[in-house]
Structure formats: C-alpha cells, structure tokens
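Peer 1: Got a structure for you, written out below as structure tokens; questions coming shortly.
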Amino acid sequence: MAPTYDIEHLLLAQPSTRTVAGIDEVGRGAWAGPVTVCAVVTDLSPPPAGLTDSKQISAARRGPLAEELASWVAGAAFGEATHEEIDALGMTEALRRAARRALDALPVRPDAVILDGKHDYIGPPWPVRLEVKGDAASISVAAASVLAKVRRDAYMATIGCDEYGFAENAGYPSPLHQEALARLGPTPHHRLSWSYLDDLPRWRHLKLHRDPLAGEGQASLFG
C-alpha cells in the first residue's frame, strides 16, 4: 500500500498542532561515512507518483524522484553526524544530533514529529510520534527517506576509495567492501568503534573504545 496522510491528519487534529514533520535516517548500519537525517514538512497535497519507502524504489528512480520531491515539499532540511561523532558519542547520540540539526534547519518549526522506527532518539522538547515502518505509512516520512538516501548516496560516491566500492555500497558491508577492508584496512572515513574490526586481526589494534569511566561522549584507544 502507498503511504498516506493518515498519521499527519491524526496529529493535526490536536488543537496545539499546526505543522507536522516527517523524519527518517540513512546510514545507521553502514561501516563508513556519516549518518544522515532528513526532516520534511508538506502542505498535505498529493505527492509525486511512486513515492514510498526508499528501500522499495530502484536507484535509477530514486534520483529523479528526489528532484521532484525537492520542489514539491513545503520544507526539507538535512542534518548529519560524522563518523567521528558516531565513534565518540555512539549511534543514539549521533542520531539525536543529526535529527535536531535537521529540525532546526527547517523553514518552520514543527509542532509534532513523525519518526520512523520504535525508538525516540530525538527527545524533548520535540513531541515525537513513533511509527514502525513509518516510511511506508506516512507520506512525510517516505519523502524524508528518499531525500536522505539520495543525499547520502551522492556524498559517499564523491569521497573516492574506489577499492572499497563506496559509490555502489555507500559504506555498507558489501563483499567488495569487506574484501578491501581485510586487505587494505580502514580508510579515514570508517567508523573505528564498530565490531567489524574484531574480525580483522591485522587491523584490530585500530579499534576505538568508548571508555565507560570517562562518561558519555568520550572515546579512547586501548588494547
């Protein structure tokens, strides 16, 4: 089924809510590169044809659809957290920062947020409605999922490291990526706190560990 505005209308029925934003992220499971969050506000008009969860749209179609969405949405903004932030802060805090950067960059402050997933990584003061598979249910979230995916994929295709295939795998662990890691080791774009390094004896010494005694956001390198 195509996404609808049912959730948006439910939230907008509350007297205190005039503007709703849909939020989705991409890059959470990648081994390299940033995590990217997109926040979208629409005017509740019919979306471009074929809009749904970005994972259900071919790469050839996602680019043109993102161009259509960019001129259709009432507002869209992006927030990112770098691989260094992910290593230093952990994924939950990195997502929180990226999402707040996206929300703060919107042309209008939303009164409520529809967040794809089952964990609220944004937190107060934003009123968050969690929606599992929200990118398939909500038009706003579906638009955010496509825009975030196209933006991050385009960035990963520009950073080089051709041996790792970032232009094709966007930093996710494809066979080519894993083979290059085992042979060449991590690039300056890799997340060094992630467990994939445990399986690479030659490069295991590079792994970063967040020191639990140092507090949130502190990272150290130790064996």
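Peer 1: Name the residues in region 71-80 that are open to solvent by 10 Å² or more (accessible area, probe 1.4 Å) and either modelled with pLDDT under 95 or assigned to a strand (DSSP E or B) (or both), would you? Don't jump to the end; show me each part of the working.
Peer 2: First, pick out the residues of region 71-80 that are open to solvent by 10 Å² or more (accessible area, probe 1.4 Å): 71-74, 76, 78, 80.
Hits for region 71-80 are A76, F78, E80.
Peer 1: Being in a loop (DSSP other than H, G, I, E, B), outside the structural domain of T187 (by the TED database) and open to solvent by less than 10 Å² (accessible area, probe 1.4 Å) is true for just one of A49, A30, A39. Which residue is that?
Peer 2: Just one listed residue meets the conditions, A30.
Peer 1: Let me ask something else. Answer yes or no as to whether S58 is free of Cβ contacts under 8 Å to residues at least 60 places away in the same chain and under 30 Å from A180 (Cα atoms).
Peer 2: yes
Peer 1: Could you identify the single residue in R152, R202 that is over 24 Å from S58 (Cβ atoms) and not hydrophobic (A, V, I, L, M, F, W, C)? Steps first, please.
Peer 2: Numbers: R152 fails: over 24 Å from S58 (Cβ atoms).
Criteria check complete, one pass: R202.
Peer 1: Another question about this same structure. I'd like to check which helices (runs of 4 or more DSSP H) are fully inside region 81-160 and have at least 3 residues that are in the same structural domain as L12 (by the TED database) and either open to solvent by less than 20 Å² (accessible area, probe 1.4 Å) or not small (G, A, S) (or both). Outline the logic, then answer.
Peer 2: Details: elements: 83-89, 91-105, 134-137, 139-156.
The qualifying helices (runs of 4 or more DSSP H) are 83-89, 91-105, 139-156.
Peer 1: Oh, and also: Test each condition in (1) among the hydrophobic types (A, V, I, L, M, F, W, C); (2) crowded, with 23+ Cβ neighbours inside 10 Å; (3) touching a Phe, Trp or Tyr at 6+ places or on another chain (Cβ under 9 Å) for L184 and report the one that comes out false.
Peer 2: Exception for L184: condition (2).
Peer 1: Does E67 satisfy the criteria of being modelled with pLDDT of 95 or more, part of a helix (DSSP H, G or I) and open to solvent by 10 Å² or more (accessible area, probe 1.4 Å)?
Peer 2: Criteria met by E67.
Peer 1: Could I ask something else about it? What residue, among those in region 16-27 that are more than 21 Å from K118 (Cα to Cα) and either modelled with pLDDT of 95 or more or in a strand (DSSP E or B) (or both), is most open to solvent (accessible area, probe 1.4 Å)? First the steps, then the outcome.
Peer 2: Going through region 16-27, the residues more than 21 Å from K118 (Cα to Cα) turn out to be 16-19.
Imposing the further condition that a residue be either modelled with pLDDT of 95 or more or in a strand (DSSP E or B) (or both) reduces the set to 17-19.
Numbers: T17: 12, R18: 198, T19: 27 Å².
Once the filter is applied, the top-ranked residue is R18.
The values are calculated or read from the model by the stated rules, or taken from the named source; none is laboratory data. Just so it is clear, the model here is predicted, and its values are computed rather than measured. Using ideal geometry, Cβ is built from the backbone for each residue, glycine included, and neighbour counts are taken over all protein chains shown. Protein only, heavy atoms only, side chains kept; ligands, DNA and RNA dropped before computing areas. Shrake-Rupley method; radii C 1.70, N 1.55, O 1.52, S 1.80 Å.
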